[in-house]
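I have placed the structure first, in the form of structure tokens, so that the comments after it can refer back to it.
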Amino acid sequence: MLQGRCLCKISLLIMIVIALSAYGPYDFLGLYGNSQAVDMFLTDGESVCSIGQIYRKEIKNDQTLYFVKDAQVVTDQGTLSSTSYYFNFNSDSIPIKSKIKLKGIIAKFQEPRNQGEFNIKDYYNSIGVCFQIKEVELIDVNEPELLDYDWFYRLNKSFVNVFRCTIEVEEAGILSSISVGNKSELDPDTRNLFQGVGLAHILAVSGLHISIVCMLLYKLLRSFGVGFLISSIFAGTVAFAYGIFTGGSISSIRAIGMFLFYLLAQVLGESYDMLTAAGAMAIILLVTNPLYIRNGSFLLSFGAILSIWFIATPLNQSFMMFRKEQKNRWKLIKRNHGRMGEIAFKIINKFVDYIGGMLIFSFGINMGMFPLLVMLYHEVPTYSLILNILILPIMPLLLLFGLVGGIFGITVGVGVAYIILKPCHFLIIYMETISKFFLGLPHSKMIVGSHGFLFIVVYYLLVIILIKYKVRLFSYIGLIGLYLMWLIPINGKFEIDFLDVGQGDGIYVNSGDGIHYFIDGGSTSKSKVGEYTILPFLKYKGVSSIDYWFLSHMDEDHVSGVFELLEQDYKIENIVLSSEIPKDDTLVKLIGLAEEKGTEILYMNSGDVLGSKHLRFTCVYPNDSAAVHVSSDEEIDLNALSLCLLMEYDRDEDGVFDYSGFFGGDISAEQETIIANMGLVEDVDLLKVSHHGSRFSSDATFLESLSPKTSVISCSKGNRYGHPSLEAVERIEDVGAEIFYTMNSGQISISDEGIWSFIP
């Protein structure tokens, strides 16, 4: 497949070497030198002075993000040179290429603290940005004198303003993203909708846009008799300008570069080789910034090209050969059905060729992209194959109407633009309606979890072997089998994961027999902990639903994430509460939301047992002796009525429990004493320390009764409650328990193999 393609082989070798350095245990190329310099030299929260040059800006959340390169950062310890960062500002008036001087506060990018969390530091490093400066005070701005580098930026904004004046705001955001690459107006729900059904690629400027705009222009010029050289220069210039105009994303640079190679081949009278062009662009991009190899856009953009070349095209050729053989057999049948029969057969054949070809081609691309999607998102859109067939054919119309309408809106007036852009309204409604319909179908998104590198390599090898296999039927069946293989649920093994949710609790328990449990799930220090921490973790683990979600009580730091997951339609089969839980506004809201989402509410009394083959949870509190405090304004102490659970794990189903743990929500010493005096829990392996290590919890008598080997405290650093207290920690240490803190270790995992922390 690579015979004679020297440039492709060189590109492949370069990518392998860079990938080994970027993903491997030892960075032998020094790719992370700038990032490491920042970690060593700068301190989070320190005041600095900096000079540098702005090379890019974009609008996000009503703020302008300015990206600065070739920067010097001056601190009390000295100067850090040749670094890069970004800062927010409330005005977009600073031109690109301006040299600036500013003061501000260092804000380092945080690394993930749980499995599945988005690595924002890795992302910014992959685009050459090392940190952020907050609370910026501009001291001096030297604008460029010779060229107006902001012209394309202002033109882009003008297009967006035309769209906003002529169509609905939400539709203007979609059209701005599709036609001019401006996502500042794109509604988050709309982004999630298209991403959820596998259409996120239509919102980014890519090869589709270049083929529609620039290839169409080139073909038109050629059809009017313009020579190869002039047509290529004109179309190439437009492509280059369109790339700058739309923001110069990785996918657009790749597509424009490949288009320029196509034009060069036309001028030289040589045949164009897509794989060679892609290899050349990979080299150019990686030489510019080797860490692109870790960027999702880079992987998906080049992954799509490789999928087309190695999988989709051979499959499509095989399908066309099959159709040719089939048509030859049908020739005899057509002769016996007269003239009308021949016309009918011709129409049917064209329809089957078109639809079948699109299905096979889309299936081939999906086969190649699945591992990348799984690696990046840990879930795959089930119906993307069909949706791409229904949506992609209208994209040229939407793009052309958008660009032409924008041009006329700027040059003539919004009245003319309103007429031209009217079809965009109906096209966008069609896109959204179809997408919402498929997103509402059962299993529209399949959470498949994280898979190892070896698994992915074996998958690709099997795909290539099956494509090359001579027996077509066996090949197709094998490919479909591999496709469906990704959808096989992962049961996993017995494990307990204490997520680092900041100031709060969030504990996942896998029984090892296919039943998944969760205990609490909220935070008062992490914004959107359900969306950004709990859900990504569950996707990483391949957990498509939680069978039983225990909630100890209704405080925000125990339930906020559960509300988020329900609102995002994550499947929770049952929510389990204490039968003694006070009915407050939060509980009423939870019950209503659960009913709306089809989640059952179960209540446990003291002594009730809930579990599966290997694992069981027993409710030990509240009971008849529950100690409850009522404040002067008659508010019940929710913490005192926390659902307390004894977990017991039987690995071999022999009636002997191999591991046990106690989870007590936010109970205090008074409730712990009741549990200890009644002998409800004794000698456990694991203790989830009550109330995040408060000094009013972790009673000495209670701890002696439990005699835990391991204790876990879930809290955030520097919290206003002073958790964990020194008194509580000392009492836990006195009974010989090893203490782990999520604030220090991030996610803490306990399994048959031992205890593992995300941050060593």
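Taken together, the values in this text are just the output of simple stated rules run on the coordinates, not laboratory data. Only a predicted model underlies this, so the values are computations on that prediction, with no experimental measurement involved. Here the Cβ is made from the backbone with ideal geometry for all residues, glycine too, and neighbour counts use every protein chain on show.
Using only Cα atoms and rounding to the nearest 10 degrees, what angle (0 to 90) does helix 296-307 make with the longest principal axis of the chain?
Roughly 50 degrees, rounded to the nearest 10.
Between GLN195 and GLU143, what FRET efficiency follows from the Cβ-Cβ distance if R0 is 35 Å, with the result rounded to 0.05?
Working: r = 38 Å, r/R0 = 1.08.
The calculated FRET efficiency here is 0.40.
Pull up the cross-link candidates among the aspartates and glutamates for LYS219, meaning alpha carbon to alpha carbon under 19 Å and not fewer than 8 places away within one chain.
In chain and number order, the partners are GLU270, ASP273.
Taking 8 Å as the Cα distance limit and 6 or more residues as the minimum spacing, I'd like the relative contact order of the chain as a percentage. Mind dumping the intermediate values first?
Details: 1357 pairs, mean separation 65.7, N = 760.
With pairs under 8 Å counted, the relative contact order is 9 percent.
What is the sum of charges around LYS57, taking Lys and Arg as +1, Asp and Glu as -1, for the other residues whose C-beta is under 12 Å from the C-beta of LYS57?
Values: positive: ARG56, LYS60, LYS97, ARG154, LYS157; negative: GLU58, ASP92, ASP150.
In short, +2.
So how strong a dipole does segment 662-760 carry about its Cα centre when Lys and Arg Cβ are +1 and Asp and Glu Cβ are -1, to the nearest 20 debye? Working shown, then result.
Values: 6 positive and 15 negative charges, 105 e Å.
I would put it at about 500 debye.
Looking at PHE696, HIS723, VAL501, which one has the Cα that reaches farthest to the positive end of the dipole of segment 495-757 (charges on Cβ: Lys, Arg +1; Asp, Glu -1)?
Most positive-ward Cα: VAL501.
Going by alpha carbons, how many degrees (0 to 90, nearest 10) lie between the helix axis of 556-567 and the longest principal axis of the chain?
For helix 556-567, the angle is close to 40 degrees.
Counting each pair of different Cα atoms once, what's the Kirkwood radius of segment 300-441 in Å, rounded to one decimal?
On the way: mean 1/r = 0.0540 Å⁻¹.
Hydrodynamic radius (Kirkwood, Cα pairs) of segment 300-441 is 18.5 Å.
What are the principal axis extents of the Cα atoms in segment 1-75, in Å, biggest first?
Sorted from largest, the Cα extents of segment 1-75 read 55, 31, 22 Å.
How large is the dipole of segment 495-757 about the Cα centre if only Lys and Arg carry +1 and Asp and Glu carry -1, each at its Cβ, rounded to the nearest 20 debye?
Values: 17 positive and 48 negative charges, 148 e Å.
Result for segment 495-757 is approximately 720 debye, rounded to the nearest 20.
Which of TYR262, GLY173, PHE109 sits farthest toward the positive end of the charge dipole of the chain, with +1 on the Cβ of Lys and Arg and -1 on the Cβ of Asp and Glu?
Going by the Cα projections, it comes out as TYR262.
Ratio of alpha-carbon Rg to the 2.2 N^0.38 Å globular estimate for segment 1-158, to two decimals, please. Mind dumping the intermediate values first?
Values: Rg = 18.6 Å, N = 158, 2.2 N^0.38 = 15.1 Å.
Here the Cα radius of gyration is 1.23 times the empirical estimate.
Given contacts defined as C-alpha pairs under 8 Å and at least six residues apart, what's the relative contact order of segment 32-149, whole-number percent? Show your work: numbers first, answer last.
On the way: 245 pairs, mean separation 32.7, N = 118.
Reported as a whole number, the value is 28 percent.
Of GLY746, LEU186, PHE245, which is farthest along the charge dipole of the chain in the positive direction, counting Lys and Arg as +1 and Asp and Glu as -1 at C-beta?
It is PHE245, whose Cα lies furthest towards the positive end.
Would you work out if segment 126-259 is rounded, prolate or oblate? Take a ≥ b ≥ c from the square roots of the eigenvalues of the alpha-carbon gyration tensor; rounded if a/c is under 1.5, else prolate when a/b is larger than b/c, oblate otherwise. Could the numbers behind the result be given before it?
On the way: a/c = 1.81, a/b = 1.27, b/c = 1.43.
Because a/c hits 1.5 or more and a/b fails to exceed b/c, segment 126-259 counts as oblate.
Helix 453-468 sits at what angle to the longest principal axis of the chain, using alpha carbons and giving 0 to 90 degrees rounded to 10?
In the chain, helix 453-468 runs at an angle near 40 degrees to the longest axis.
Bin width 10 Å, alpha-carbon pairs only: give the P(r) of segment 474-534 as whole percents, running from 0 to the bin holding the largest distance.
20, 30, 24, 16, 8, 1
Can you list the residues of segment 472-513 with backbone N under 12 Å from a point 7 Å past the Cα of VAL352, pointing along Cα to Cβ?
What the label zone holds, given the 12 Å backbone N cut-off, is no residue at all.
Which lysines have a Cα less than 19 Å from the Cα of LYS717, not counting those fewer than 8 places away in the same chain?
Here the lysines satisfying the reach criterion relative to LYS717 are LYS108, LYS526, LYS528, LYS688.
Show which lysines lie in cross-link reach of LYS613 when reach means a straight Cα distance below 21 angstrom and same-chain residues fewer than eight apart are skipped.
In chain and number order, the partners are LYS493, LYS541.
Taking all pairs of distinct Cα atoms, average 1/r, flip it, and tell me the Kirkwood hydrodynamic radius of segment 435-561 in Å to one decimal place. Provide the component values of the computation, followed by the final result.
Working: mean 1/r = 0.0587 Å⁻¹.
Across segment 435-561, the inverse of the average 1/r is 17.0 Å.
Taking the Cα centre of the chain as the origin, how large is its charge dipole in debye, to the nearest 20, when only Lys and Arg (+1) and Asp and Glu (-1) carry charge on their Cβ atoms? Don't skip to the end; give the middle numbers.
Details: 57 positive and 80 negative charges, 1389 e Å.
For this selection, approximately 6680 debye.
Please report Rg (one decimal) and Dmax (integer) in Å for the Cα set of the chain.
Spelled out, the Cα radius of gyration and Dmax of the chain are 30.1, 96 Å.
For all pairs of alpha-carbon atoms in segment 359-413, what percent lies in each bin of width 10 Å, listed from the first bin to the last filled one?
20, 32, 23, 17, 7
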